[in-house]
Amino acid sequence: MGNRKPQQVWGKRSAEFYADLQGKKVRVSTVTGKVYSGVLVGVDTYDLIIRQDSGLEVLITKGSVVYVHRA
């Protein structure tokens, strides 16, 4: 009991966070200050893909993302 190491990960993991947003309208803010809105249609290790209202699909690298939230 006293020798147990604390868990390194707790709470919701990022994969779960993105999975919960799949197919939902999101807002993505980037380091350049640009904010993109659209439906989250894809996520992989390095990128997010959102489909904007116009139908345009935009690939955003995760390294440029400041935050993502449900719109």
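The values are calculated or read from the model by the stated rules, or taken from the named source; none is laboratory data. This is a predicted model, so every value here is computed, not measured. Cβ atoms come from the backbone with ideal geometry, glycine included; neighbour counts cover every protein chain shown.
Run down VAL58, VAL41, VAL31 and say which single residue is in contact with a Ser or Thr (Cβ under 7 Å, 6 or more places away or on another chain) and not aromatic (Phe, Trp, Tyr). Before the answer, list the steps.
Details: VAL58 fails: in contact with a Ser or Thr (Cβ under 7 Å, 6 or more places away or on another chain); VAL41 fails: in contact with a Ser or Thr (Cβ under 7 Å, 6 or more places away or on another chain).
On inspection, the qualifying residue turns out to be VAL31.
In the list SER29, SER54, which residue meets the criterion of being part of a strand (DSSP E or B) and either small (Gly, Ala, Ser) or at pLDDT below 95 (or both)?
Details: SER54 fails: part of a strand (DSSP E or B).
Among SER29, SER54, only SER29 is part of a strand (DSSP E or B) and either small (Gly, Ala, Ser) or at pLDDT below 95 (or both).
Please give the number of the condition GLY55 fails out of (1) surrounded by 14 or more Cβ atoms within 10 Å (Cβ to Cβ); (2) at positive phi.
(1)
When the residues of region 1-26 are narrowed to those that are among the polar types (S, T, N, Q) and within 11 Å of the chain's Cα centre (by Cα), which ends up modelled with the highest pLDDT?
Of region 1-26, the ones among the polar types (S, T, N, Q) are 3, 7-8, 14, 22.
Add one more test, that the residue is within 11 Å of the chain's Cα centre (by Cα), and what stays is 14, 22.
Details: SER14: 91, GLN22: 97.
Residue satisfying both the conditions and the ranking: GLN22.
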